[in-house]
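First up is the structure itself, then whatever we jot down about it.
Read-outs throughout are calculated quantities, based only on the coordinates presented, and are distinct from any laboratory measurement. Remember, it's a predicted structure, so these values are computed and weren't measured experimentally. A quick note on method: Cβ atoms are made from the backbone with ideal geometry, for glycine too, and the neighbour counts reach across all protein chains shown.
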Amino acid sequence: MDPNDDILSLSAIELSQRLHSRKITAVELLTATLKRIDDVNAKICAIIALRRDRARLSKEAEQADNDLDAAAAVAAAKKPGWLTGIPLCIKDLENAKGLPTALGGCRLVGKQMQASQSTDNIKDSYIFDNKWVFANAQEDDPYVERLRDAGAIIIGKTNTPELGLGCHSYNTIHGTTLNPFNPSLSAGEISGGAAAALASKMVCLSDGSDMFGSLRNPAGWNNLYSLRPTSPLMEEIVDKKTQDVRKTG
């Protein structure tokens, strides 16, 4: 790997191509990504939760490298998914197993810690600022599961307003996501955390949701582009927690 080549400036497709051609490794990409987050995120508050099990994260990256090495060694082998080895964060309105679903710092789904409360007995939860506790999701939402199936390494969650309602990516628990190009400006709503994380090179690809411009607005405000698929053209996915009433009628 060329030490002068800034891999975090590459697009997701370029990173995928280099990973599959073994010009870079998943471990190198994960290491660069986590360092970038450590250096930048505190300034703009785009990512609100990161997996703390760094050793397990490293093992996932090592496994991705093993899969890519095996595929490269055997031409006829089934190729790993195009996202194999690429670190991603999920918007905090969706479930990602092992990470909190705080719904934009919604106090209705969290618990406030008591001053004398110890963190030792708090399990399967994420503690924000030693004040608020949110339960970790026990399963992935369908699209997150698909990202993992394609090889993505899910490392954290991005900021959004409480319950996804608001004109800016702000809430009283996680704070305000700032524009990476000018911190005095907004990063937009309601996928502002996702857009700011992408614009500041903390991730190479972001997810979001959009009913009234919540992908398109933050993309425009952060010098990006977004894709809002036409709803009838998308394959229908029923949430695991939801029963399809048409099958019961």
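Laid out as a table, the results:
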| read-out | value |
| --- | --- |
| Dipole-positive endmost among Pro183, Leu30, Thr230 within the chain (Cβ charges, Cα centre) | Pro183 |
| Simple spin-label estimate for Asp124 and Ser9 in nanometres, 7 Å along Cα-Cβ | 4.6 nm |
| DSSP beta bridges in the chain [antiparallel fraction, %, rounded to 5] | 70 percent |
| Distance between the range 157-236 and the range 46-70 - C-alpha centres, whole angstrom | 24 Å |
| Net length gained if the chain between Val109 and Ala70 were fully extended (0.36 nm per residue, minus Cα distance) | 9.7 nm |
| Which of Leu19, Ala137, Ile7, positive extreme of dipole for the chain (C-beta unit charges) | Ala137 |
| For the range 46-166: relative contact order, % (alpha-carbon pairs under 8 angstrom, 6 or more apart) | 40 percent |
| Extension gain (nm, one decimal) between Arg22 and Ala42, 0.36 nm per residue minus Cα-Cα | 4.0 nm |
| The chain - percent relative contact order, Cα under 8 Å, separation 6 or more | 21 percent |
| Value of relative contact order over the range 127-237, rounded to a whole percent, pairs C-alpha under 8 Å and six or more apart | 18 percent |
| Per residue convex hull volume, Cα atoms of the range 21-168, in Å³ | 132 Å³ |
| Cα-projected label distance for Arg52 with Cys167, points at 7 Å along beta-carbon direction, nm | 3.7 nm |
| Modelled FRET efficiency - R0 45 Å, Arg146 with Ser184, Cβ distances, 0.05 increments | 0.75 |
| Over the chain: Kirkwood hydrodynamic radius from C-alpha pairwise inverse distances, Å | 19.0 Å |
| Structure-based [θ]222 nm, the chain - -39500 (n - 2.57) summed over DSSP H runs of at least 4, per residue, nearest 500 | -8500 deg cm²/dmol |
